[in-house]
Structures are given as C-alpha cells and as structure tokens.
Amino acid sequence: MIKQETQEREFRPLKLINDNFEKIVISMDDFDFSHDGIKHLNMIKFLKEFI
C-alpha cells in the first residue's frame, strides 16, 4: 500500500498546475488513488492497453 507522504509527493505538483489538461499518475499500485481530477493508473494495465 502506498504511504501517505508518497501519495502527496506524487499528486501535489499536479494539483498546483492550473490548466485543463488531463493529469495522470502511473504506478505499480493496484488500488486506484484517483482524486481531485487526477487519474491514478496501474502501470501494467496501462501498458497492456498499448499491446
């Protein structure tokens, strides 16, 4: 499970960007941590979509 400080470190910079572009965090975690309009995707599932 992802630590709270790690999650904050990864999502904070994207929260500070004030535009309408899609923001995505990709990691090895299976749990979906998407929030505040930022998508969280599993790396394996993400890569399998392109094969």
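The values are calculated or read from the model by the stated rules, or taken from the named source; none is laboratory data. Remember, it's a predicted structure, so these values are computed and weren't measured experimentally. With ideal geometry, Cβ positions are generated from the backbone for all residues, glycine too; neighbour counts draw on all protein chains shown.
Brief remarks follow.
- For segment 1-21, filtered to residues that are acidic (Asp, Glu) and over 11 Å from the mean Cα position of the chain (by Cα), the residue that is modelled with the lowest pLDDT is Glu5.
- Glu8 meets the conditions (1) surrounded by 10 or more Cβ atoms within 10 Å (Cβ to Cβ); (2) part of a loop (DSSP other than H, G, I, E, B); (3) of a type in the set (Asp, Glu) in every case but one. The failed one is (2).
- Residue in segment 19-42 that is in contact (Cβ under 8 Å) with a residue 24 or more places away in the chain and among the acidic types (Asp, Glu) present: yes
- Which listed residue is at pLDDT 90 or above and aromatic (Phe, Trp, Tyr), from Phe50, Phe31: Phe31
- Residues (assigned to a helix (DSSP H, G or I) and farther than 22 Å from Lys45 by Cβ) located in segment 11-28: Arg12, Pro13, Lys15, Leu16
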